[in-house]
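Undergrad: Structure provided below as structure tokens; questions to follow.
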Amino acid sequence: MKNIALHKKSSNFILAMLQVRGCIAVLIVFAAIVSTTAQDTAKQQLKHQIGINSTAFVKEFLSFNTITTAADNPYLLTYKYIMGGSNVLRAGLGIKFLSQKQSSTTSANLPDSSLLNYYLRIGYERQFTLAKRLIGYAGGDIRWQYEKSVSKTTVTPVPPNQVSSITTRNIAFGGGPVLGVEFIMTRRLSLSAEGALLYFYSEEKTTAEDSRYPSLTTSDFTAKNDVAFSFPTTVYFIIKI
């Protein structure tokens with residue numbers, strides 16, 4: 001039986017950041033210090049809210065094996081601006097990067113892959129009180145996302161290397177209504193979760209190339225409409241300033 005040594009190096013920045021409990025703990029401690037040392041009066045409204053996707057931390061801390069991981073929700077950071085009363089402007093940003101290289105002492109033609117995605121949303125919400133420490137909100141978002149994936153295979157192990165690759169680019173634009181809930185822990189700290197019904201129009205282009213046969217390069221284009229429901233399984237840790 002052949003012994004195959006396969007080595008994979010992969011990095012997913014978003015998931016790694018969310019799984020490092022120390023980083024989240026530092027943010028919580030910092031926010032708690034700010035909360036207890038703030039000198040502003042109770043009547044002054046805090047107009048800025050920064051949200052951090054903390055689903056992976058909550059999952060590990062509470063051992064909820066069935067909860068959706070943070071990687072399933074693309075927005076790492078969110079921001080809300082309280083315009084006055086119950087009217088709120090909202091935005092979200094997400095970046096996902098993945099790079100994987102494979103090598104083997106006995107196998108050839110192992111593909112290397114990479115992924116780079118950007119996610120952006122902006123919208124409006126209106127908040128309403130459900131209980132003393134519970135706030136509900138309803139609104140809508142406009143969303144844009146760009147996704148690119150590349151898979152490359154070296155088909156000749158010695159120079160000059162011959163490489164075949166498949167590149168996929170997807171651009172999507174859409175939006176939809178949002179419904180969420182926020183639990184107030186202190187005046188400056190909250191937890192929130194939300195669901196959304198989203199429509200997207202997307203265009204995807206896939207290009208296949210082989211340096212040995214440049215004339216055989218192919219390109220496929222697909223445009224489609226999608227409707228999806230986003231369940232409120234992502235937990236955001238909110239810091240108010």
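The values are calculated or read from the model by the stated rules, or taken from the named source; none is laboratory data. Given the structure is predicted, the values throughout are model-derived calculations rather than measurements. In this analysis, Cβ positions are derived from the backbone assuming ideal geometry, glycine residues included, and neighbour counts consider all displayed protein chains.
Undergrad: Evaluate the following for E204: is it of a type in the set (D, E) and modelled with pLDDT of 95 or more?
TA: yes
Undergrad: Just to be sure I understand the filter: pairs with C-beta atoms under 9 Å, separated by 6 or more residues or on different chains, first member in the stretch 132-154 and on the phi > 0 side of the Ramachandran plot, second member of a type in the set (S, T, N, Q) and surrounded by fewer than 16 Cβ atoms within 10 Å (Cβ to Cβ). Which pairs pass?
TA: So the pair list comes out empty.
Undergrad: Can you tell me which residue among S215, S230, S192, S202 is of a type in the set (S, T, Y) and surrounded by fewer than 15 Cβ atoms within 10 Å (Cβ to Cβ)?
TA: Matching residue, one of S215, S230, S192, S202: S215.
Undergrad: Here's a check for you: in the stretch 179-189, which residue that is free of Cβ contacts under 8 Å to residues at least 60 places away in the same chain and surrounded by 17 or more Cβ atoms within 10 Å (Cβ to Cβ) is nearest to the chain's Cα centre (by Cα)?
TA: Among residues in the stretch 179-189 that are free of Cβ contacts under 8 Å to residues at least 60 places away in the same chain and surrounded by 17 or more Cβ atoms within 10 Å (Cβ to Cβ), the one nearest to the chain's Cα centre (by Cα) is G180.
Undergrad: Let me ask something else about it. So, S192, is that one among the small types (G, A, S), out of contact with any Cys (no Cβ under 6 Å at 6 or more places or on another chain) and over 30 Å from S86 (Cα atoms) or not?
TA: Working: among the small types (G, A, S): yes; out of contact with any Cys (no Cβ under 6 Å at 6 or more places or on another chain): yes; over 30 Å from S86 (Cα atoms): no.
Against the criterion (among the small types (G, A, S), out of contact with any Cys (no Cβ under 6 Å at 6 or more places or on another chain) and over 30 Å from S86 (Cα atoms)), S192 does not qualify.
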